[in-house]
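**Q** Dropping the structure in here first, questions after.
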Amino acid sequence: MASAPTRQAPSTSHDTHRTSSSLRVAYVEPRALPPLLHSMSAPKPMAVTSFGYPLSHDIPCPVIVPDLPQIASSPLIEVWTSDRLVRTTTDGNLATAMNGEWLIGTISLDERPGHSLDLLTYDAYQRILHHINEAGYPSLCRVWNYVPHINDEQDGLERYRRFCVGRHQALAERLPDFPDSLPAATAVGTKSGPLQMLFLASIKQPVHLGNPRQVHAYEYPSDYGPRSPSFARATLWQSGRNTMLFIAGTASVVGHASRHIGSPADQTHESIRNVMAVLEQAGTACVTDFLKDSNETLYKVYVRHPETLADIVRALRTSPLPAKSFLFLQGDLCRRELLIELEGVIVSE
Ligand code: 3EB
(Lines give C-alpha, C1' and ligand atoms only; values in the text may rest on other atoms or scores of the structure.)
Protein backbone atom coordinates (compact mmCIF):
# COMPACT_ATOMS: atom_id res chain seq x y z
CA MET A 1 0.00 0.00 0.00
CA ALA A 2 1.20 3.56 -0.70
CA SER A 3 2.61 5.35 2.31
CA ALA A 4 0.10 7.47 4.15
CA PRO A 5 0.06 11.17 3.26
CA THR A 6 -1.02 12.47 6.66
CA ARG A 7 1.14 10.66 9.17
CA GLN A 8 1.07 12.08 12.66
CA ALA A 9 4.04 12.01 15.01
CA PRO A 10 4.51 8.46 16.21
CA SER A 11 3.98 7.87 19.88
CA THR A 12 6.92 6.70 21.93
CA SER A 13 4.97 5.31 24.86
CA HIS A 14 4.76 1.75 23.60
CA ASP A 15 6.49 -0.13 20.89
CA THR A 16 3.34 -1.27 19.12
CA HIS A 17 2.18 2.32 18.66
CA ARG A 18 5.11 3.30 16.49
CA THR A 19 3.01 3.73 13.39
CA SER A 20 0.20 6.09 12.76
CA SER A 21 -3.32 4.74 12.89
CA SER A 22 -6.47 5.77 14.62
CA LEU A 23 -6.85 2.35 16.30
CA ARG A 24 -4.23 0.08 17.78
CA VAL A 25 -4.22 -2.97 19.98
CA ALA A 26 -1.42 -4.19 22.22
CA TYR A 27 -0.90 -6.67 25.01
CA VAL A 28 0.76 -5.01 28.01
CA GLU A 29 2.01 -6.14 31.39
CA PRO A 30 -0.16 -5.01 34.32
CA ARG A 31 2.52 -2.58 35.57
CA ALA A 32 2.59 -0.85 32.15
CA LEU A 33 -1.15 -0.24 32.26
CA PRO A 34 -1.45 2.88 34.51
CA PRO A 35 1.02 5.02 32.49
CA LEU A 36 -0.66 3.94 29.27
CA LEU A 37 -4.13 4.72 30.58
CA HIS A 38 -3.39 8.04 32.21
CA SER A 39 -0.77 9.59 29.95
CA MET A 40 -1.67 13.10 28.75
CA SER A 41 -0.24 12.44 25.30
CA ALA A 42 -1.43 10.00 22.62
CA PRO A 43 -2.37 7.17 22.54
CA LYS A 44 -5.70 7.38 24.34
CA PRO A 45 -7.23 4.20 25.75
CA MET A 46 -10.43 2.99 24.09
CA ALA A 47 -11.01 -0.39 25.71
CA VAL A 48 -9.34 -2.90 28.00
CA THR A 49 -9.81 -6.67 28.21
CA SER A 50 -8.16 -8.47 31.08
CA PHE A 51 -8.19 -12.25 30.98
CA GLY A 52 -9.12 -12.94 34.55
CA TYR A 53 -6.39 -10.69 35.99
CA PRO A 54 -8.10 -8.28 38.42
CA LEU A 55 -7.86 -4.59 37.54
CA SER A 56 -8.27 -1.51 39.68
CA HIS A 57 -11.53 0.40 39.21
CA ASP A 58 -9.69 3.42 37.89
CA ILE A 59 -9.94 2.67 34.16
CA PRO A 60 -11.09 5.57 31.99
CA CYS A 61 -12.61 3.48 29.18
CA PRO A 62 -14.82 0.41 28.61
CA VAL A 63 -13.39 -2.65 30.31
CA ILE A 64 -14.25 -6.32 30.61
CA VAL A 65 -12.63 -9.08 32.62
CA PRO A 66 -13.82 -12.40 31.16
CA ASP A 67 -13.01 -15.50 33.20
CA LEU A 68 -10.62 -16.92 30.59
CA PRO A 69 -7.42 -17.70 32.43
CA GLN A 70 -4.22 -17.02 30.58
CA ILE A 71 -1.91 -20.00 30.32
CA ALA A 72 1.78 -20.31 29.53
CA SER A 73 2.91 -16.76 30.37
CA SER A 74 2.74 -13.99 32.93
CA PRO A 75 -0.41 -11.82 32.75
CA LEU A 76 -0.93 -9.60 29.73
CA ILE A 77 -3.76 -7.14 29.29
CA GLU A 78 -5.30 -6.27 25.94
CA VAL A 79 -5.48 -2.53 25.40
CA TRP A 80 -7.12 -0.84 22.42
CA THR A 81 -5.85 2.71 21.90
CA SER A 82 -6.44 5.67 19.64
CA ASP A 83 -4.14 8.44 18.45
CA ARG A 84 -7.17 10.72 18.26
CA LEU A 85 -9.29 12.25 20.97
CA VAL A 86 -11.62 9.73 22.54
CA ARG A 87 -15.09 10.35 23.92
CA THR A 88 -16.57 7.77 26.27
CA THR A 89 -20.20 7.08 27.15
CA THR A 90 -21.92 4.84 29.65
CA ASP A 91 -25.52 3.74 29.35
CA GLY A 92 -26.27 1.26 32.11
CA ASN A 93 -24.22 -1.84 31.36
CA LEU A 94 -23.18 -0.64 27.88
CA ALA A 95 -19.99 1.45 27.71
CA THR A 96 -18.40 2.91 24.60
CA ALA A 97 -15.37 4.86 23.45
CA MET A 98 -15.42 6.75 20.14
CA ASN A 99 -12.67 8.48 18.19
CA GLY A 100 -14.45 9.72 15.07
CA GLU A 101 -13.56 6.64 13.05
CA TRP A 102 -14.08 3.77 15.49
CA LEU A 103 -16.46 2.95 18.28
CA ILE A 104 -15.46 0.24 20.74
CA GLY A 105 -18.01 -0.94 23.23
CA THR A 106 -18.55 -3.42 26.00
CA ILE A 107 -21.77 -4.84 27.33
CA SER A 108 -22.20 -7.06 30.33
CA LEU A 109 -25.45 -8.78 31.26
CA ASP A 110 -26.18 -10.80 34.38
CA GLU A 111 -28.34 -13.84 33.96
CA ARG A 112 -31.49 -13.96 36.03
CA PRO A 113 -33.44 -17.11 36.80
CA GLY A 114 -36.21 -17.62 34.25
CA HIS A 115 -34.53 -15.42 31.64
CA SER A 116 -33.04 -17.73 29.01
CA LEU A 117 -29.74 -17.08 27.27
CA ASP A 118 -31.38 -16.60 23.86
CA LEU A 119 -33.46 -13.71 25.22
CA LEU A 120 -30.51 -12.21 27.04
CA THR A 121 -28.37 -12.41 23.89
CA TYR A 122 -31.18 -10.93 21.80
CA ASP A 123 -31.40 -7.99 24.21
CA ALA A 124 -27.63 -7.48 24.12
CA TYR A 125 -27.45 -7.41 20.32
CA GLN A 126 -30.54 -5.20 20.04
CA ARG A 127 -28.88 -2.67 22.30
CA ILE A 128 -25.54 -2.89 20.52
CA LEU A 129 -27.10 -2.38 17.08
CA HIS A 130 -29.34 0.42 18.27
CA HIS A 131 -26.42 2.13 19.97
CA ILE A 132 -23.93 2.00 17.07
CA ASN A 133 -26.56 3.34 14.69
CA GLU A 134 -27.52 6.21 16.98
CA ALA A 135 -23.87 7.07 17.53
CA GLY A 136 -23.12 7.16 13.79
CA TYR A 137 -20.83 4.10 13.65
CA PRO A 138 -23.21 1.72 11.84
CA SER A 139 -20.70 -0.84 10.50
CA LEU A 140 -20.17 -3.70 12.92
CA CYS A 141 -16.62 -4.98 12.32
CA ARG A 142 -15.69 -7.44 15.07
CA VAL A 143 -17.38 -8.98 18.10
CA TRP A 144 -16.04 -11.08 20.96
CA ASN A 145 -18.72 -12.99 22.85
CA TYR A 146 -17.81 -14.39 26.26
CA VAL A 147 -20.51 -16.88 27.16
CA PRO A 148 -20.54 -18.49 30.61
CA HIS A 149 -20.95 -22.30 30.65
CA ILE A 150 -21.28 -22.37 26.85
CA ASN A 151 -21.63 -26.15 26.55
CA ASP A 152 -24.16 -26.65 29.36
CA GLU A 153 -27.77 -27.32 28.56
CA GLN A 154 -30.52 -24.86 29.43
CA ASP A 155 -34.07 -26.20 29.18
CA GLY A 156 -33.12 -28.91 26.71
CA LEU A 157 -30.92 -26.83 24.39
CA GLU A 158 -27.19 -26.19 24.65
CA ARG A 159 -26.45 -22.66 25.80
CA TYR A 160 -24.27 -21.96 22.76
CA ARG A 161 -27.22 -22.85 20.55
CA ARG A 162 -29.48 -20.56 22.58
CA PHE A 163 -26.89 -17.82 22.21
CA CYS A 164 -26.94 -18.38 18.41
CA VAL A 165 -30.75 -18.15 18.36
CA GLY A 166 -30.80 -14.78 20.12
CA ARG A 167 -27.89 -13.36 18.14
CA HIS A 168 -29.41 -14.48 14.85
CA GLN A 169 -32.78 -12.95 15.63
CA ALA A 170 -31.41 -9.54 16.60
CA LEU A 171 -28.97 -9.34 13.68
CA ALA A 172 -31.52 -10.59 11.12
CA GLU A 173 -33.94 -7.92 12.34
CA ARG A 174 -31.58 -4.98 12.61
CA LEU A 175 -28.38 -5.47 10.59
CA PRO A 176 -28.70 -4.01 7.07
CA ASP A 177 -27.60 -6.52 4.38
CA PHE A 178 -27.73 -9.48 6.78
CA PRO A 179 -26.09 -11.99 6.40
CA ASP A 180 -23.47 -10.52 4.02
CA SER A 181 -22.67 -7.75 6.51
CA LEU A 182 -22.02 -10.14 9.42
CA PRO A 183 -18.67 -9.39 11.09
CA ALA A 184 -15.87 -11.67 12.23
CA ALA A 185 -16.65 -12.96 15.70
CA THR A 186 -15.51 -15.20 18.50
CA ALA A 187 -17.81 -17.06 20.87
CA VAL A 188 -15.90 -18.63 23.70
CA GLY A 189 -17.00 -20.16 26.97
CA THR A 190 -16.09 -18.77 30.38
CA LYS A 191 -16.24 -20.59 33.71
CA SER A 192 -18.11 -17.79 35.49
CA GLY A 193 -19.40 -14.28 35.16
CA PRO A 194 -22.02 -12.41 33.19
CA LEU A 195 -22.54 -12.61 29.42
CA GLN A 196 -19.95 -10.13 28.15
CA MET A 197 -19.17 -8.74 24.74
CA LEU A 198 -16.58 -6.46 23.25
CA PHE A 199 -17.48 -4.98 19.88
CA LEU A 200 -15.81 -2.79 17.27
CA ALA A 201 -17.89 -0.64 14.93
CA SER A 202 -16.81 1.93 12.40
CA ILE A 203 -18.09 4.84 10.36
CA LYS A 204 -16.59 3.02 7.39
CA GLN A 205 -17.87 -0.18 5.81
CA PRO A 206 -15.44 -3.08 5.91
CA VAL A 207 -15.35 -6.16 3.67
CA HIS A 208 -16.35 -9.50 5.18
CA LEU A 209 -14.64 -12.63 3.91
CA GLY A 210 -15.37 -16.32 3.79
CA ASN A 211 -12.97 -19.25 3.76
CA PRO A 212 -13.01 -21.44 0.63
CA ARG A 213 -12.28 -24.49 2.83
CA GLN A 214 -15.35 -23.86 4.99
CA VAL A 215 -19.06 -23.31 4.54
CA HIS A 216 -20.10 -19.84 5.72
CA ALA A 217 -21.05 -20.32 9.37
CA TYR A 218 -24.31 -18.48 8.70
CA GLU A 219 -25.11 -21.25 6.17
CA TYR A 220 -24.43 -24.19 8.49
CA PRO A 221 -27.19 -26.82 8.35
CA SER A 222 -29.58 -27.03 11.29
CA ASP A 223 -27.75 -30.12 12.71
CA TYR A 224 -25.63 -27.57 14.58
CA GLY A 225 -28.55 -25.75 16.12
CA PRO A 226 -31.91 -24.18 15.30
CA ARG A 227 -30.24 -20.96 14.07
CA SER A 228 -26.86 -20.77 12.36
CA PRO A 229 -23.91 -18.93 13.94
CA SER A 230 -23.99 -15.33 12.72
CA PHE A 231 -20.39 -14.47 11.86
CA ALA A 232 -17.95 -14.07 8.95
CA ARG A 233 -14.58 -15.85 8.80
CA ALA A 234 -12.74 -12.52 8.59
CA THR A 235 -13.35 -8.80 8.32
CA LEU A 236 -11.04 -6.51 6.39
CA TRP A 237 -11.05 -2.81 7.19
CA GLN A 238 -9.03 -0.31 5.18
CA SER A 239 -8.33 3.37 5.37
CA GLY A 240 -5.82 5.51 3.53
CA ARG A 241 -3.43 4.87 6.41
CA ASN A 242 -3.60 1.17 7.11
CA THR A 243 -5.33 -2.16 6.70
CA MET A 244 -6.75 -4.13 9.61
CA LEU A 245 -7.65 -7.77 9.27
CA PHE A 246 -9.75 -9.41 11.96
CA ILE A 247 -9.70 -13.20 11.73
CA ALA A 248 -12.62 -14.81 13.50
CA GLY A 249 -12.38 -17.79 15.81
CA THR A 250 -10.95 -20.47 13.54
CA ALA A 251 -11.16 -24.09 14.53
CA SER A 252 -10.77 -27.56 13.06
CA VAL A 253 -13.86 -27.30 10.86
CA VAL A 254 -13.75 -28.22 7.17
CA GLY A 255 -16.89 -27.72 5.13
CA HIS A 256 -19.15 -27.64 8.17
CA ALA A 257 -17.84 -30.76 9.93
CA SER A 258 -15.48 -30.90 12.92
CA ARG A 259 -12.28 -32.76 12.03
CA HIS A 260 -9.72 -34.73 14.05
CA ILE A 261 -11.93 -35.53 17.04
CA GLY A 262 -9.72 -36.18 20.07
CA SER A 263 -6.44 -34.91 18.58
CA PRO A 264 -5.36 -31.45 19.74
CA ALA A 265 -2.26 -31.50 17.50
CA ASP A 266 -4.20 -32.38 14.35
CA GLN A 267 -6.94 -29.89 15.23
CA THR A 268 -4.25 -27.22 15.56
CA HIS A 269 -2.80 -28.07 12.14
CA GLU A 270 -6.28 -27.92 10.61
CA SER A 271 -7.02 -24.58 12.30
CA ILE A 272 -3.73 -23.22 10.93
CA ARG A 273 -4.68 -24.38 7.42
CA ASN A 274 -7.95 -22.50 7.83
CA VAL A 275 -6.17 -19.35 8.99
CA MET A 276 -3.76 -19.59 6.05
CA ALA A 277 -6.68 -19.92 3.63
CA VAL A 278 -8.30 -16.81 5.13
CA LEU A 279 -5.00 -14.90 4.96
CA GLU A 280 -4.71 -15.82 1.31
CA GLN A 281 -8.29 -14.67 0.60
CA ALA A 282 -7.65 -11.40 2.39
CA GLY A 283 -4.27 -10.91 0.72
CA THR A 284 -5.89 -11.27 -2.69
CA ALA A 285 -8.74 -8.93 -1.74
CA CYS A 286 -6.42 -6.05 -0.83
CA VAL A 287 -2.95 -6.91 -2.22
CA THR A 288 -1.34 -7.15 1.22
CA ASP A 289 1.02 -9.77 2.61
CA PHE A 290 -0.48 -10.56 5.99
CA LEU A 291 2.52 -12.75 6.93
CA LYS A 292 5.20 -10.09 6.50
CA ASP A 293 7.34 -9.18 9.51
CA SER A 294 6.51 -5.48 9.52
CA ASN A 295 2.86 -6.15 10.33
CA GLU A 296 1.58 -5.86 13.86
CA THR A 297 0.19 -9.28 14.51
CA LEU A 298 -1.60 -10.72 17.52
CA TYR A 299 -3.05 -14.21 17.64
CA LYS A 300 -5.06 -15.71 20.45
CA VAL A 301 -5.16 -19.41 21.02
CA TYR A 302 -8.13 -20.74 22.99
CA VAL A 303 -7.32 -24.09 24.58
CA ARG A 304 -10.06 -26.26 26.05
CA HIS A 305 -7.77 -28.47 28.18
CA PRO A 306 -4.56 -26.83 29.48
CA GLU A 307 -2.84 -30.24 29.59
CA THR A 308 -2.91 -30.30 25.76
CA LEU A 309 -0.93 -27.06 25.55
CA ALA A 310 2.41 -28.71 24.67
CA ASP A 311 0.89 -30.50 21.65
CA ILE A 312 -0.74 -27.28 20.48
CA VAL A 313 2.42 -25.19 20.91
CA ARG A 314 4.45 -27.77 18.98
CA ALA A 315 2.00 -27.62 16.08
CA LEU A 316 2.02 -23.81 16.07
CA ARG A 317 5.83 -23.65 16.10
CA THR A 318 6.05 -25.50 12.81
CA SER A 319 3.50 -23.20 11.16
CA PRO A 320 4.16 -20.06 9.08
CA LEU A 321 2.39 -17.94 11.72
CA PRO A 322 4.76 -15.65 13.68
CA ALA A 323 5.61 -17.45 16.90
CA LYS A 324 5.97 -14.38 19.13
CA SER A 325 2.41 -13.23 18.60
CA PHE A 326 0.48 -15.91 20.53
CA LEU A 327 -1.55 -15.40 23.69
CA PHE A 328 -2.88 -18.65 25.16
CA LEU A 329 -6.17 -18.67 27.02
CA GLN A 330 -8.15 -21.46 28.61
CA GLY A 331 -11.69 -21.40 27.31
CA ASP A 332 -14.48 -23.71 26.26
CA LEU A 333 -15.29 -23.79 22.55
CA CYS A 334 -18.67 -23.79 20.99
CA ARG A 335 -18.71 -27.39 19.82
CA ARG A 336 -17.87 -29.90 22.52
CA GLU A 337 -15.39 -31.77 20.30
CA LEU A 338 -13.35 -28.68 19.42
CA LEU A 339 -10.16 -28.53 21.51
CA ILE A 340 -8.43 -25.45 20.11
CA GLU A 341 -9.39 -22.27 18.28
CA LEU A 342 -7.25 -19.48 16.81
CA GLU A 343 -8.07 -15.85 16.12
CA GLY A 344 -6.00 -12.94 14.87
CA VAL A 345 -5.72 -9.21 14.44
CA ILE A 346 -3.24 -8.01 11.83
CA VAL A 347 -2.46 -4.37 11.17
CA SER A 348 -0.54 -3.65 7.99
CA GLU A 349 0.70 -0.21 6.97
C1 3EB B 1 -16.71 -22.80 13.63
O2 3EB B 1 -15.94 -22.57 12.71
C3 3EB B 1 -16.14 -22.83 15.01
O4 3EB B 1 -20.53 -18.59 16.97
O5 3EB B 1 -19.45 -16.70 16.90
C6 3EB B 1 -15.87 -20.01 15.91
C7 3EB B 1 -15.91 -18.62 16.06
C8 3EB B 1 -17.04 -20.73 16.09
C9 3EB B 1 -17.08 -17.95 16.36
C10 3EB B 1 -19.49 -17.95 16.82
C11 3EB B 1 -18.22 -20.05 16.38
C12 3EB B 1 -18.25 -18.68 16.53
O13 3EB B 1 -17.91 -23.00 13.45
C14 3EB B 1 -17.04 -22.23 16.00
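**Q** In whole percent, and with a 1.4 Å probe on the protein chains, what portion of the accessible area of the chain is carbon and sulfur?
**A** Roughly 51 percent, rounded to a whole number.
**Q** I've got another one for you. Specify the residue with the greatest mean-square fluctuation among Ser82, Ser222, Ser192, computed from a Gaussian network of the chain linking alpha-carbon atoms under 10 Å apart.
**A** Of Ser82, Ser222, Ser192, the Gaussian network model singles out Ser222 as fluctuating most.
**Q** Okay, moving on. Report the Cα centroid-to-centroid distance between segment 310-327 and segment 196-269 in angstrom, as an integer.
**A** Here the two parts' Cα centres lie 20 Å apart.
**Q** Which value, in Å² rounded to 10, gives the accessible area of Thr186 with a 1.4 Å probe and all protein chains present?
**A** 0 Å²
**Q** Can you tally the lysine pairs in the chain where the Cα-Cα distance is under 19 Å and the two residues are eight or more apart, or on different chains?
**A** 4
**Q** Is the shape of the chain rounded, prolate or oblate, going by the alpha carbon gyration tensor and its root eigenvalues a ≥ b ≥ c, with a/c under 1.5 for rounded and a/b larger than b/c for prolate?
**A** rounded
**Q** Here is a follow-up. Taking 8 Å as the Cα distance limit and 6 or more residues as the minimum spacing, I'd like the relative contact order of segment 7-348 as a percentage. Intermediate values should be presented prior to the final figure.
**A** Details: 765 pairs, mean separation 52.7, N = 342.
Worked out over segment 7-348, it gives 15 percent.
**Q** If you filter segment 271-340 for chymotrypsin sites (Phe, Trp or Tyr not before Pro), then keep DSSP loop positions with at most 14 other Cβ within 10 Å, what is left?
**A** none
**Q** Mind checking the per residue accessible area of the chain for me, 1.4 Å probe, whole number of Å²?
**A** 40 Å²
**Q** Further question on the same structure: With Cβ to Cβ distances under 12 Å as the rule, what net charge do the other residues near Pro60 carry (K, R +1; D, E -1)?
**A** +1
The values are calculated or read from the model by the stated rules, or taken from the named source; none is laboratory data. Remember, predicted model here, so these are calculated numbers, not experimental data. A quick note on method: Cβ atoms are made from the backbone with ideal geometry, for glycine too, and the neighbour counts reach across all protein chains shown. All accessible areas refer to the heavy atoms of the entire protein, side chains included, with ligands and DNA or RNA removed. Shrake-Rupley method; radii C 1.70, N 1.55, O 1.52, S 1.80 Å.
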